[in-house]
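Nothing in this text is a laboratory measurement; each read-out follows from the coordinates by a stated rule. Just so you know, these numbers come straight off a predicted model, no measurement behind them. All Cβ positions, glycine included, derive from the backbone under ideal geometry; neighbour counts span all protein chains shown.
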């Protein structure tokens with residue numbers, strides 16, 4: 001199964017509107033997900049995934065060397081501009097006026113301020129620690145893979161090297177998937193909280209809580225992955241425990257900064 005968030009869409013706004021009205025699809029479910037379509041039980045009810053299914057029927061549109069790819073990209077720009085213009089008109093924003101420059105500058109200020117929030121800085125520290133760990137253990141992980149492969153070939157009774165290899169790979173996949181996403185989601189959450197304070201936008205606070213909840217889920221799944229990895233790599237105990245401690249501190253920071261995040265109900269995921 002493909003990870004559709006990486007796909008370019010060519011659909012026009014009419015087709016997007018048509019999909020948005022499909023009663024089988026859960027409105028906004030893709031706004032508060034972890035974008036891991038391969039492990040998601042709601043792909044059949046996600047508009048983002050449906051768009052990807054249609055687009056991936058044409059592999060030429062995904063080949064950067066093909067003419068179709070650049071036509072696709074051009075279509076994206078046109079559709080995006082059209083939607084932005086329509087939304088701006090609804091909100092009474094004149095994109096040709098100086099007001100637009102002020103809005104753009106304010107958005108940039110919000111983004112930069114969000115990056116400096118304690119939980120975002122801590123999340124970036126975690127990103128770097130994980131990169132450092134993978135760099136320093138590259139040889140160790142390769143040796144572990146060779147060891148498990150040798151055990152599998154030896155077919156020693158009572159051993160399950162294939163299962164162990166699968167468990168290790170799963171842990172590493174989870175760690176890598178959420179490593180940077182935690183930071184991105186927290187920056188979005190922090191930005192929403194800042195906009196709420198600056199502009200008094202209640203929906204921005206709610207969106208911030210939703211993004212923070214996705215980050216909390218990513219942190220918790222990362223903690224579980226590191227804990228499950230530890231028995232397979234006992235020599236790495238000090239380093240893994242340090243990473244676990246970093247995540248635990250980050251978890252507490254996020255809960256303190258966004259006390260209502262856990263109560264946020266994500267469309268589809270948190271519906272009974």
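Quick notes on this structure:
- Estimated inter-spin distance, residue 224 and residue 141, nm [label 7 Å along Cα→Cβ]: 2.1
- A Förster distance of 22 Å, applied to the separation of the beta-carbon atoms of residue 21 and residue 206, puts the FRET efficiency at 0.40.
- Ordering 229, 201 from the fewest to the most neighbouring beta carbons within 10 Å gives 201, 229.
- Simple spin-label estimate for residue 237 and residue 134 gives 2.6 nm between the two label positions (7 Å along the Cα-to-Cβ direction from each Cα).
- From most to least packed by mean Cβ count within 10 Å, the peptides 214-221, 254-261, 146-153 give 214-221, 254-261, 146-153.
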